[in-house]
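Structure first, then comments.
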Amino acid sequence: MTPQPGVRAVGLAVALASAAMFATSGSFARPLLESGWSPAAAVIVRLGLASLVLAPLAALALRGRWHVLREKWRPILMYGLFGGAAVQVAYFNAITYIEVGIALMLEYLGVVLVVLYVWARTLRRPGPLTLVGMALAVAGLAVILNPADLAGADLRGVAWGLFAATGMAVYYVTSAETSGIPPLAFVSAGLGVGAVALLVAGLTGLVPLRFGTADVRLFGGTYPWWVPLLELVVVAAALAYVTGFIAARRLGPTVASFVGLTEVVFAVAWAWLLLGELPGPVQLLGGTVLLAGVAAVQAGSGRDAERAREELSPAVAP
């Protein structure tokens, strides 16, 4: 069923809000990492506490229907392992071998994987406008990140980056195609699974775990360590994941994943506003191209859905 224009507009607004909140993670995580926290430790606390924050609301949303969690355990497991833990761990491992720009480009190839998955599942090729939008969005992303030549990249980093892309694709697909469970319950359970999985990986030595309680430098001042962590838990995790899940349900995995690309634009904007890192003209141009691509994918997806509906509708005899 094709979402009505009003429904799609709300979904688009929610998706943009989710991307904006996810984009704050870099500006608020940096002080923690600089003060001695390991990436895995920050992610464990971020996902684990976000799961606990959402748990009371999730319980209210379930209204005693705990069997729903048992019925949906497979997508919850996939969401937690891949959409929660794997994406972030893979990305942090990737940047130990390759440049950040290349790692981000590889991770955001996940949106292409989403399109290929939907194409294979429905056996319907995306329309011309959708394909043009995809090309524009990826081109705009490349301009913003300005990645170096992949030819000399460490293959270990490339492998981790592609694994992150797979996790991102699973995040959007499971969010869009898991029905019959309240978003709060699904996200709370999924983030809890991701935190536990990452904690086990840390305790077994697969990823380093370093925590700290030293004050951190944040936006020109000194603050307790829990200040940036609070933002990462409430805004960049709990609210961001819930709104992302709702947006994916409303828009479908393809559109939601391409709107998610605007996270890069928002990250540049937050770095400008919060850290004083002014984006250059090239980044602004790339952001404009990316947004144009996202708009084209949004419009093209609506046309593709309408075309599919017409193909499935029985012909009416004159």
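Read-outs throughout are calculated quantities, based only on the coordinates presented, and are distinct from any laboratory measurement. Nothing here was measured: the structure is a model prediction, and the numbers come from that model. Note that each Cβ is placed from the backbone with ideal geometry, even for glycine, and that neighbours are counted across all protein chains shown.
Note down the net charge around Ala40, summing +1 for each Lys or Arg and -1 for each Asp or Glu among other residues with Cβ under 11 Å from its Cβ.
Once all neighbours under 11 Å are counted, the net charge is +2.
How large is the helix-only mean residue ellipticity at 222 nm for the chain, computed as the sum of -39500 (n - 2.57) over DSSP H runs with n ≥ 4, divided by its residue count, in deg cm²/dmol to the nearest 500?
-23000 deg cm²/dmol
Taking 7 Å along the Cα-to-C-beta vector as the label spot, tell me the Trp226-Ala292 distance in nanometres, rounded to one decimal.
4.9
So for Tyr79, Tyr108, fewest C-beta neighbours within 10 Å to most, what's the order?
Ascending Cβ contact count within 10 Å gives the list Tyr108, Tyr79.
Can you pull the three principal axis extents for the Cα set of the stretch 5-306, in Å, largest first?
On the principal axes, the stretch 5-306 reaches 54, 53, 35 Å in Cα extent.
Size of the dipole of the stretch 52-145 about the Cα centre, Lys and Arg at +1 and Asp and Glu at -1 on the beta carbon, nothing else charged, in debye to 20?
Dipole magnitude for the stretch 52-145 comes out near 620 debye.
Whose amide H sits under 5 Å from the amide H of Leu218, counting only residues 5 or more places off or on another chain, with H placed in the peptide plane?
Those lying under 5 Å, H to H, from Leu218 are Tyr223.
Suppose a student asked you for the relative contact order of the stretch 5-306, using Cα pairs under 8 Å spaced at least 6 residues apart; what percent would you report?
41
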